[in-house]
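Every read-out reported here was derived from the displayed coordinates using simple, explicitly stated rules and does not represent laboratory data. Owing to the predicted nature of the structure, the values given are computational and were not obtained by experimental measurement. So basically every Cβ, Gly included, is an ideal-geometry build from the backbone, and we count neighbours across all protein chains shown.
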Amino acid sequence: MTGRFAELRGYLQFAISPFWPGMEVPLFEAPKPFKWKIDRDLQADDIAVIVEEGRRQVDRQYADLEKVRGRAGGLLTLCLAELAALSAGANRLFTHANPWLITAWALSVVFVLLSMGGAIALMTAKANFTRIDTAGLALVRHPIRRVAATSYAQIVGLGEQTVAARITVLRDGVLLAIVAAILYAAVWPVITLGASNGQNPGPATSSTAPSSPAPTITPSQSISGGTLCLTCTPSSAPSSSTTRRTSVPSPPLSSPPP
């Protein structure tokens, strides 16, 4: 991949590839082809050295690929933790309705998602490697060591560029995760201090108990002893009926017997 913003375009293809089945990830530089023939004057020991070094280089490339995948797993874990923190602070953030804070938070979310996509691509995308086919090597009529030496010289270039591209993607993913963390670190103290100062809107509460209305005393309409009582305290069940006193006649005295 060449041209302006080649690394950015290549990283975007890596980040999108987990969500686009069948999409091939690019290389940032084309491997240098090996088109020369091995000198016929080389001795058998010299050709054996070329084959041995080619085998070691290919093994190292596979080991580097596994290291990149392991580090991508750690990056993915970090991105998930950052995404959880961003989601937890969204409630406090949107209560402030500050466009600058919301913009910084949104950029942080975008950077975390891009970093997460790159990490997933490093773990799952197909790596461009070429192997020597043992069955095909057995059918060669020429000296096998010479053919194997030529084959190793031709395939190691592709593996080196594949590992280099994935290391570049890992570096860019880590950079995006760091920038996202810095942006959210600048937003978090503002919304935290705003919430502690009482700027977070919520239902109004009062520490004092509501005062009950003072009881009113109404004059009673009852008559006590024929006099209207205006200062008497009303009973729990006042009655408006009037109490009357009636005189009961005493029984007649009996006369003494004669």
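In this calculation the C-beta distance from SER87 to ILE178 is compared with R0 = 25 Å, giving a FRET efficiency of 0.85. The modelled label-to-label distance for the pair PHE129/ILE16, using points 7 Å beyond Cα in the direction of Cβ, is 2.8 nm. The residues packed around VAL25, meaning those with a beta-carbon under 10 Å from its beta-carbon, carry a net charge of +1 if Lys and Arg are +1 and Asp and Glu are -1.
Counting every C-alpha pair in the range 79-149, the share spaced more than 18 angstrom apart comes to 63%. Maximal additional length on extending the VAL49-LEU137 stretch stands at 29.9 nm, based on 0.36 nm per residue less the C-alpha distance. Gain on full extension, evaluated as 0.36 nm per residue between LYS35 and LEU107 minus their Cα-Cα distance, stands at 21.2 nm. Sparse packing (at most 16 other Cβ atoms within 10 Å of the Cβ) combined with a DSSP loop state is found for the following GluC sites (Glu not before Pro) in the range 1-43: GLU24, GLU29. P(r) for the range 1-75, from all Cα pairs and a bin width of 5 Å, is 3, 11, 11, 17, 18, 13, 10, 8, 6, 3, 0 %, short bins first. Please label the shape of the range 35-175 as rounded, prolate or oblate, based on the square roots a ≥ b ≥ c of the eigenvalues of the alpha-carbon gyration tensor (a/c under 1.5 means rounded; beyond that, a/b larger than b/c means prolate, else oblate). Because a/c hits 1.5 or more and a/b exceeds b/c, the range 35-175 counts as prolate.
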